[in-house]
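The values are calculated or read from the model by the stated rules, or taken from the named source; none is laboratory data. All figures in this text were calculated on a predicted structure; none of them were measured in a lab. Cβ: placed from backbone, ideal geometry, glycine included. Neighbour counts: every protein chain shown. Keep in mind that these areas ignore ligands, DNA and RNA; they rest on the heavy atoms of the full protein, side chains included. Shrake-Rupley method; radii C 1.70, N 1.55, O 1.52, S 1.80 Å.
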Amino acid sequence: MHLFTYHNPTTIFFGKGQIIAVRRAIPEKHKVLVLYGGGSVKKNSVLDQVRAALNKHTFLEFGGIEPNPSYETLMSAVELARREGSDYLLAVGGGSVIDGAKFIAAAIPFEGKDPWDIVEKHAPITKALPLSCVLTLPAAGSESNNNAVISHKAKGIKRPFSHSLLYPVFAVLDPTTTYTLPLKQIGNGVVDAFVHVAEQYLTTPAHALVQDYYAEGLLKTLLEIGPQTLHHPLDYEARANFMWAANQALNNLIGVGVPHDWSTHAIGHELTAMYGFDHAQTLAAILPHSLRVRRQAKRAKLLQYAKRVWQITESDEEKAIDTAIDKTAAFFEAMGLKSSLAKLGAEREVIEKLPARLQEYGLTALGEHGEVTPAVVKQILTASMNG
Ligand code: NZQ
Ligand code: ZN
């Protein structure tokens, strides 16, 4: 196991009716800016519950943060907050609104010329507004981690950034807020969480028993409750387990002391920037093919995954790995996603264009050991286009 420091400062208020906790958790001295997306929180009354919880606070609202939040939209919120003197952000929505809030939190006190430099040039963050969230879509894990992924529409790029000042102060996880999610978003959320675990688990062994068993527990939970919560949207216990599993998949716990991959995400972010595919959809179309192309490097973990997660008892190791990957792809399909770029109807030009973009950005050594070069990305994309 590698050396690590673990600290996650986000308080979680979990369960039905917990939105009211916002009232006590944000000191009344703050001028709160409530951030939300395209309006789902208005339709399902989550925003009304937030307004009621804040009825003793001074607060403003900013709506319209889109999926794959854009720098352009977020800068309008930055201007509003600066003008009105907001000093606390409350994100109400899914990963996009929460990620957007993280950018806004860092951008408001940013002293450089353009806050986009925080994302693209890793300009140092020395201050950030406190932010908290009310989660309505289990998927990204953004509610209790320090990462954000922001798109720049004019430049046509999507990039992650992170900073320790960007952990939310608290996150409300009320499973009943997810009852109105379209089936597509449930499928997206389950697959995104599944791939978050895969990126931290399907690498090379690190003698990390706790992390491995925990990761396998999360994968098995998602396999069990994924279809259940898709087919029974009002099943509270299924939604509760989904919400907690998606949170634990990327709250930085299972990733301590072990190698990380994240190449599926890096390729996925390019696919979203180039063609607008949903985040989880890009992952479903890449992961199975990445695992096939890189099966030798990941062999030990793939065999462990086959045995412990899928209970595959096949003695022929190659067949066991094939079966585990096939079952993974079938699970993504059962959740309503496409497991290849071919099934998504992507254009063949992607095979040349995407690796060239990664090369241009210097993203030439992805994966747990830097072995995913643009040439390997090309192999993965070719496999997915033939899949
Ligand atoms: O915008 P509104 O109207 O709110 O509708 C949203 C949006 O259209 C809707 N929705 C959310 N909660 C709902 C609801 N509809 C009905 N009822 C509800 N309760 O769902 C749609 C998608 O929302 P979005 O926030 O975009 O989805 P998600 O949570 O999957 O977030 C995706 C973003 O997170 C980033 C992705 O790249 C993508 O930009 N990620 C962030 C990560 C992080 N911060 O650690 C890690 C992830 O790997 C991921 O990259
Ligand atoms: Zn993701």
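Does the stretch 219-239 include one or more residues that are modelled with pLDDT of 95 or more, in contact with a Lys or Arg (Cβ under 9 Å, 6 or more places away or on another chain) and of a type in the set (K, R)?
Yes, that holds for at least one residue.
Exactly one condition in (1) hydroxyl-bearing (S, T, Y); (2) closer than 16 Å to F13 by Cβ; (3) crowded, with 24+ Cβ neighbours inside 10 Å is false for S151; which is it?
In the conditions (1) hydroxyl-bearing (S, T, Y); (2) closer than 16 Å to F13 by Cβ; (3) crowded, with 24+ Cβ neighbours inside 10 Å, S151 misses (2) alone.
Across the stretch 235-250, which residue is nearest to ligand 1 (Cβ to nearest atom) among those that are open to solvent by 10 Å² or more (accessible area, probe 1.4 Å) and polar (S, T, N, Q)?
Q248
I need the full set of residues from the stretch 197-232 which are touching a residue at least 40 places away in the same chain (Cβ under 8 Å) and open to solvent by 50 Å² or more (accessible area, probe 1.4 Å), in order please.
P205, H207, Y214, K220 - these are the residues of the stretch 197-232 that are touching a residue at least 40 places away in the same chain (Cβ under 8 Å) and open to solvent by 50 Å² or more (accessible area, probe 1.4 Å).
Answer yes or no as to whether A300 is away from ligand 2 (no atom under 16 Å from the Cβ), outside any loop (DSSP other than H, G, I, E, B), touching a helix residue (DSSP H, G or I) at 6+ places or on another chain (Cβ under 6 Å) and open to solvent by 10 Å² or more (accessible area, probe 1.4 Å).
Here the answer is no, as A300 does not meet what is asked.
Of all residues in the stretch 336-361, which are of a type in the set (G, A, S) and open to solvent by less than 50 Å² (accessible area, probe 1.4 Å)?
Within the stretch 336-361, S339, S340, A342, A346 meet the criteria.
Report, by residue number, each residue of the stretch 252-297 that is out of contact with any helix residue (DSSP H, G or I) (no Cβ under 7 Å at 6 or more places or on another chain), surrounded by fewer than 21 Cβ atoms within 10 Å (Cβ to Cβ) and among the basic types (K, R).
Within the stretch 252-297, no residue meets the criteria.
Looking at the stretch 129-144, which of its residues are open to solvent by less than 30 Å² (accessible area, probe 1.4 Å), more than 14 Å from P160 (Cβ to Cβ) and not β-branched (V, I, T)?
Across the stretch 129-144, the qualifying residues are L129, L131, S132, C133, L135, P138, A139, E143, S144.
May I ask you to verify whether T176 is hydroxyl-bearing (S, T, Y), more than 8 Å from ligand 1 (Cβ to nearest atom) and either in contact (Cβ under 8 Å) with a residue 12 or more places away in the chain or not assigned by TED's automatic domain parsing to the domain that holds R24 (or both)?
yes
Just to be sure, is S76 without any contact (Cβ under 8 Å) to a residue 40 or more places away in the chain and within 16 Å of ligand 1 (Cβ to nearest atom)?
Against the criterion (without any contact (Cβ under 8 Å) to a residue 40 or more places away in the chain and within 16 Å of ligand 1 (Cβ to nearest atom)), S76 qualifies.
Filter the stretch 304-340 down to the residues that are closer than 25 Å to D278 by Cβ and basic (K, R) and list them by number.
Listed by number, the residues that qualify are K327, K338.
In this structure, does E111 turn out to be open to solvent by 10 Å² or more (accessible area, probe 1.4 Å) and part of a loop (DSSP other than H, G, I, E, B)?
yes
Picking from V169, V97, which residue would you name as being open to solvent by less than 40 Å² (accessible area, probe 1.4 Å) and β-branched (V, I, T)?
Answer to the check: V97.
Count, please, the residues in the stretch 10-20 that happen to be part of a loop (DSSP other than H, G, I, E, B), farther than 27 Å from N68 by Cβ and not small (G, A, S).
So the answer is 1.
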